[in-house]
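The values are calculated or read from the model by the stated rules, or taken from the named source; none is laboratory data. The structure presented is a predicted model; accordingly, all values stated were derived computationally and were not measured. Note that we place each Cβ from the backbone using ideal geometry, even for glycine, and neighbour counts take in every protein chain shown.
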Amino acid sequence: MLEFLGLDDVTLAAYRLWLRHPELDVDGVATAVGQATGTVRRSRDRLVELSLLLPSTERPGHLVAVHPEAGLEHLLQAQHEALIRRHERLVRARAQVNTFVSEYLDNRPGGDGAEVEHIDSADQARVELLTLLGRAEKEVLALHTHQGLPPSLTAEVLPVELRALRRGVSMRSVLPRTVSTDETGGGYVRTVASHGLEARLADDPRIDAMTVDGRIGLVQFASLGADPLALVVRSPALASLVTQLFEQVWETAEPLVVNGADSADGADDRPNDTERLLLRLLSLGVKDEAAARHLGVSVRTVRRMVADLMMRLDARSRFQAGTVAARRGWL
């Protein structure tokens, strides 16, 4: 519990013993806590360094425990000051982010206040999609039925959706029936579904739509050369209509059986979208910690995934894994 103060479990156990039994020496404490003498000696040195123990002048080789409050107060104060500094940095960072937001809104067509914003650029539609997903707080409802997401967009959307799921956002999607036979789409769905996405299959209504937190909707039309390409709907009433459309399609859609899609080819060792993205990150020299943040998973999960990929690629190093993955067309 006090590891953030620089005190591990062995050091704390040793300190408790010296508080209660000042007659014990290092060997006696080592026996009591079931640790090697060298380990307890390092704990003793740490406690002396923190002024929680003092060498006894009356009994050489013994120690005197200092009052816990006196010894730990300066550590708590240091942590408190560090938290204050961190809070100040966060406040400054938030102010900078708000500045960026203002500049972004000032330079975009339509601004951020229009009830309905027309989008006639594929790049702008992509930005809106990623922005809405990134700002989701409670719920995302999505229709992706006239076509699957292209691989390039899937690679961009996947980490954003995984981060949303990790922070507790509920996500439901209606997908085209062809997703179960599409390699990219199937891998994408299996990955996101394993993190909490609820998915169903439906026929083609010629429209993609998404609502975020029941307040904002993004409606995209099939690529028929129509203008606009998409609409951003911020009116609560209109966003409610998009939500109703989703619920109607959801009610008649068929549940997606992820395991069934997964078992279509049990011998297939090709990576899913998350693993493919991880391979790309590693090929760029991204460290495990940064890859974990990008994927929205723990560092331990990233390392487990890397070990699994190396085994499937029969690679002895990450560099070799990247080379073999590229040769197989996994990147």
Pairs where the first residue, in the stretch 11-38, is more than 14 Å from PRO68 (Cβ to Cβ) and the second is in a helix (DSSP H, G or I) and small (Gly, Ala, Ser), C-beta under 6 Å, 6+ apart:
VAL29/ALA14; VAL33/ALA13; THR37/ALA30
Hey, can you tell me all the residues within the stretch 17-58 that are loosely packed, with under 12 Cβ neighbours inside 10 Å, modelled with pLDDT of 85 or more and not in a helix (DSSP H, G or I)?
GLY34, ALA36
First in the stretch 302-322 and farther than 16 Å from ARG270 by Cβ, second anywhere and part of a helix (DSSP H, G or I) and hydroxyl-bearing (Ser, Thr, Tyr), Cβ under 7 Å, 6 or more apart:
none
GLY168 fails exactly one of the following numbered conditions: (1) outside any strand (DSSP E or B); (2) more than 28 Å from ALA193 (Cβ to Cβ); (3) at pLDDT 80 or above; (4) of a type outside the set (A, V, I, L, M). What is the number of that condition?
(2)
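From the residues in the stretch 279-296 that are out of contact with any Lys or Arg (no Cβ under 8 Å at 6 or more places or on another chain) and in contact (Cβ under 8 Å) with a residue 24 or more places away in the chain, which one is farthest from ARG166 (Cα to Cα)?
Applying the filter and picking the extreme gives SER283.
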